[in-house]
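One structure below.
The values are calculated or read from the model by the stated rules, or taken from the named source; none is laboratory data. Treat the numbers as computed from the prediction; the structure is a model and nothing was measured. Counting neighbours? That spans all protein chains shown, and the Cβs are built from the backbone with ideal geometry, glycine included.
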Amino acid sequence: MLTIFYDGHCPLCVAEMNHLARDDKNNLIELVDIHQPNFKQRFPEIDYDAAMKILHGKYQGKILFGLEVTHRAWTLVGKGFWVAPLNWPVIKTLSHYVYLFFAKYRQPISSVLTKLFGLKAISCHSGTCYDNSTNTDRRRK
């Protein structure tokens with residue numbers, strides 16, 4: 001099983017995790033929002049500050065980072081062909097730097113893209129998801 005530690009306050013990050021969850025027919029991925037109250041107690045091996053800088057994952061006892069996590073996740077759900085080019089020699093180096101830029105500026109990038117494309121900002125806490133852009137009670141239906 002792959003455990004992904006993601007920023008649940010980032011709309012694009014949440015959108016990708018939701019997409020992964022929909023495609024994870026065999027329950028091979030556990031998604032963990034690093035903002036949950038008991039995160040440090042449940043996962044002491046994952047440094048919160050480091051996880052806020054770059055995506056972290058845990059697979060077969062090994063900690064994965066950034067695009068390693070993305071590649072492993074999409075491969076597990078049978079869509080590795082989408083991300084295979086990220087591991088090609090020249091593209092791997094370039095994509096790594098593009099990812100680091102995106103990771104650093106994911107909040108403002110998410111904000112702009114959310115407004116441009118009308119994406120909903122959804123946040124989930126304690127198993128309940130809220131849509132921050134619509135419903136008056138903010139509970140996702």
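Which of (1) without any contact (Cβ under 8 Å) to a residue 40 or more places away in the chain; (2) within 17 Å of HIS9 (Cα to Cα) is the odd one out, the single condition LEU55 does not satisfy? Only one criterion is unmet by LEU55, namely (1).
Here ASP7 fulfils each of the conditions (1) buried (at least 19 other Cβ atoms within 10 Å of the Cβ); (2) among the charged types (D, E, K, R); (3) more than 11 Å from the chain's Cα centre (by Cα) apart from (3).
Of everything in the stretch 71-83 that is touching a residue at least 12 places away in the same chain (Cβ under 8 Å) and over 11 Å from ILE29 (Cα atoms), the residue that is nearest to the chain's Cα centre (by Cα) is HIS71.
Screening the candidates GLU68, GLU45 for the property of being without any contact (Cβ under 8 Å) to a residue 24 or more places away in the chain, of a type outside the set (Val, Ile, Thr) and either surrounded by 13 or more Cβ atoms within 10 Å (Cβ to Cβ) or on the phi > 0 side of the Ramachandran plot (or both) yields one hit, GLU68.
Looking only at residues of the stretch 84-104 that are closer than 17 Å to HIS56 by Cα and of a type in the set (Ser, Thr, Tyr), we find that the one that is nearest to the chain's Cα centre (by Cα) is TYR99. Listed by position, the helices (runs of 4 or more DSSP H) enclosed by the stretch 25-113 that each have at least 2 residues that are basic (Lys, Arg) are 39-42, 89-104.
For LYS58, the stated conditions do not hold, so it cannot be described as at pLDDT below 95 and among the charged types (D, E, K, R).
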